[in-house]
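Asker: First the structure, then my questions, so here it is.
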Amino acid sequence: MFKAASFGLATLLTLSSGVVLADGAKPVSAMPAEHDSTMLDKPQERNTMFDGVNLTEQQRQQMRDLMHQARKDLPHVNVEQIETMHRLVTAEKFDQAAVRSQAELMAQEQVDRQVEMARIRNQMFNLLTPEQKDVLNQKHEQRMQQMRMQLSGLQPSSAQKTSSTSTTE
């Protein structure tokens with residue numbers, strides 16, 4: 001169970017950098033359209049995949065165009081699926097098979113959204129110069145090291161397990 005929770009947390013953290021970028025591509029927004037801004041317009045307000053990379057105005061515009069197109073192409077969140085899951089969760093009698101089926105359907109829709117967001121992020125990445133790609137990869141490695149450190153606090157690494165058992169013996 002703990003491994004599953006750790007894996008889920010790691011997956012969430014790994015995807016978060018890309019999901020933040022895809023925020024501009026979400027079909028459902030909590031803010032009215034007139035207040036909706038892209039991450040490229042106000043990078044200081046959000047932590048994005050491209051933080052620390054100096055983009056040219058042409059690159060910024062191309063990325064805005066890609067995100068604008070992604071808003072149209074990204075599979076929408078199916079509210080009916082969420083309602084169905086809610087009804088299953090709040091039912092008098094728990095139907096595991098129905099919940100599993102619904103969860104699998106919702107997971108597949110999420111996979112479809114993730115694939116589309118990854119496609120857009122790949123197009124954005126390929127707009128960068130080799131130097132910009134190097135900076136981006138360095139920033140990514142820093143985030144991965146931070147994640148490893150955070151996760152090591154949750155779950156001792158094999159080296160930590162070895163040292164703790166040898167000191168207690």
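Asker: What number of residues within segment 112-124 satisfy the criterion of being within 11 Å of L66 (Cβ to Cβ) and open to solvent by 50 Å² or more (accessible area, probe 1.4 Å)?
Answerer: Adding up the residues that qualify gives 3.
Asker: Something else now. Output the residue which, of all residues in segment 49-70 that are assigned to a loop (DSSP other than H, G, I, E, B) and open to solvent by less than 90 Å² (accessible area, probe 1.4 Å), is farthest from Q123 (Cα to Cα).
Answerer: G52
Asker: Answer with yes or no whether K42 is buried (at least 16 other Cβ atoms within 10 Å of the Cβ), modelled with pLDDT under 80 and basic (K, R).
Answerer: no
Asker: Output the number of residues of segment 101-144 satisfying the condition of being part of a helix (DSSP H, G or I), more than 17 Å from the chain's Cα centre (by Cα) and of a type in the set (A, V, I, L, M).
Answerer: 3
Asker: Also, quick follow-up: Of all the residues that make up segment 71-100, how many are assigned to a helix (DSSP H, G or I), in contact with an Asp or Glu (Cβ under 7 Å, 6 or more places away or on another chain) and either closer than 30 Å to Q138 by Cα or in contact (Cβ under 8 Å) with a residue 40 or more places away in the chain (or both)?
Answerer: 1
Asker: Surrounded by fewer than 13 Cβ atoms within 10 Å (Cβ to Cβ), at pLDDT 90 or above and either out of contact with any Leu (no Cβ under 8 Å at 6 or more places or on another chain) or more than 30 Å from P75 (Cβ to Cβ) (or both), is that true of V135? Before the answer, list the steps.
Answerer: Values: surrounded by fewer than 13 Cβ atoms within 10 Å (Cβ to Cβ): no; at pLDDT 90 or above: yes; either out of contact with any Leu (no Cβ under 8 Å at 6 or more places or on another chain) or more than 30 Å from P75 (Cβ to Cβ) (or both): yes.
When the stated conditions are applied, V135 does not pass them.
Asker: Tell me which residues, restricted to segment 101-111, are touching a residue at least 24 places away in the same chain (Cβ under 8 Å) and open to solvent by 70 Å² or more (accessible area, probe 1.4 Å).
Answerer: L105 - this is the single residue of segment 101-111 that is touching a residue at least 24 places away in the same chain (Cβ under 8 Å) and open to solvent by 70 Å² or more (accessible area, probe 1.4 Å).
The values are calculated or read from the model by the stated rules, or taken from the named source; none is laboratory data. Worth saying up front: this structure is predicted, and the values here are computed from it rather than measured. Methodologically, a virtual Cβ is constructed for each residue, glycine included, from the backbone with ideal geometry; neighbour enumeration extends over all protein chains shown. SASA here: full protein model, heavy atoms, side chains in, ligands and nucleic acids out. Shrake-Rupley method; radii C 1.70, N 1.55, O 1.52, S 1.80 Å.
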